Amino acid sequence: MKTLLLIDIQNDFMPGGALAVSGGDEIIPLVNDLMPQFELIVATQDWHPADHGSFAASHPGKNIFDQITLDGLPQTLWPVHCVQNTGGALFAPGLDTRRISRVFTKGMNPLIDSYSGLHDNGHRASTGMGIWLRAQGVSELSIAGVATDYCVKFTVLDALAEGFKVNVLSSACRGVNLHPGDVDSALAEMQAAGAVLQV
Ligand code: VGL
Ligand code: ZN
């Protein structure tokens, strides 16, 4: 079952959004054009409560991009983004959602972030994606979306750890690059873990 997994193609990660990823909108026509090559299309949405612990605004005195410890785990603080049922959390305009069979939301627990579409950052809870994909007969995933150095990377690493073969559609990914080189390091890390990078 050729499966396309789209990561967090949501308004807040597009230019002008709360946590804008440079060039994030450029991937939309690319993923739309890729869709006919796949039998199954699945997506994730970052889906935070308004008081999520990954938001700098939830920690008086802290600033965006500060590093803190959140319930025992290292956490980068982000601008308020992808709040449940707000416009910023919607799929970006232009994304062809008609063939998305299933959407997995993540990041609902205010005490822990969830970059990966499969598990939260502490591997405390699962989104159910892995078991659902296996039940559909999926063994290989092609992954595109944002951000390469966060949610794409951690989804890819978790999918590999769960035994999926993973292709990263690198032309259809964009990253944050909070530190210069983060995107390139993320791609190298995914490849070293066994992902196949495809242009
Ligand atoms: C993401 C930071 C915070 C992502 C989500 O989609 O990569 N990054 N929340
Ligand atoms: Zn988030």
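List of remarks:
- Within the same chain, aspartates and glutamates fewer than 8 places from residue 165 are excluded, and of the rest, those with a Cα less than 13 Å from its Cα are 140.
- log₁₀ of I(q)/I(0) at q = 0.09, 0.12, 0.15 Å⁻¹ - the stretch 50-199, Debye sum with one point per alpha carbon: -0.29, -0.53, -0.86
- Annotation: amide H of residue 145 within the under-5 Å range of 7, 173, 174, sequence separation 5 or more or interchain, hydrogens built in the peptide plane.
- When peptides 168-181, 140-153, 93-106, 39-52 are ranked by their average number of other Cβ atoms within 10 Å per residue, the highest-first order is 140-153, 39-52, 168-181, 93-106.
- Additional length obtainable on full extension of the chain from residue 162 to residue 101, 0.36 nm per residue less Cα span: 19.8 nm
- Rolling a 1.4 Å probe over the protein chains gives residue 28 an accessible area of about 10 Å².
- The C-alpha atoms of the chain define a longest principal axis, and helix 182-192 lies at about 50 degrees to it.
- Over the chain: helical MRE at 222 nm, DSSP H runs n ≥ 4 each giving -39500 (n - 2.57), nearest 500: -5000 deg cm²/dmol
- Using a Förster distance of 22 Å, the FRET efficiency for residue 131-residue 108 (Cβ separation, nearest 0.05): 0.75
- Averaged over its residues, the chain has an accessible area of 43 Å² per residue, based on protein heavy atoms and a 1.4 Å probe.
- Only beta bridges with both residues in the stretch 94-199 are counted; by DSSP, about 10 percent of them are antiparallel.
- Formal net charge of residues neighbouring residue 142 (Cβ-Cβ distance under 10 Å; K, R +1; D, E -1): +1
- Rg and Dmax, both from the Cα atoms of the stretch 1-130 and both in Å, are 15.2, 49.
- Length released on extending from residue 140 to residue 124, taking residue separation times 0.36 nm less the Cα-Cα span: 3.3 nm
- The simple Förster model, with R0 at 35 Å and r as the Cβ-Cβ distance, assigns residue 84 and residue 197 a FRET efficiency of 0.60.
- Where 30, 157, 70 fall by accessible area, highest first, once all protein chains stay in place (1.4 Å): 30, 157, 70
The values are calculated or read from the model by the stated rules, or taken from the named source; none is laboratory data. All figures in this text were calculated on a predicted structure; none of them were measured in a lab. No Cβ is skipped: glycine too gets one built from the backbone with ideal geometry, and neighbour counts run over all protein chains shown. Heads up: the accessible areas ignore ligands, DNA and RNA and are worked out on the full protein's heavy atoms, side chains in. Shrake-Rupley method; radii C 1.70, N 1.55, O 1.52, S 1.80 Å.
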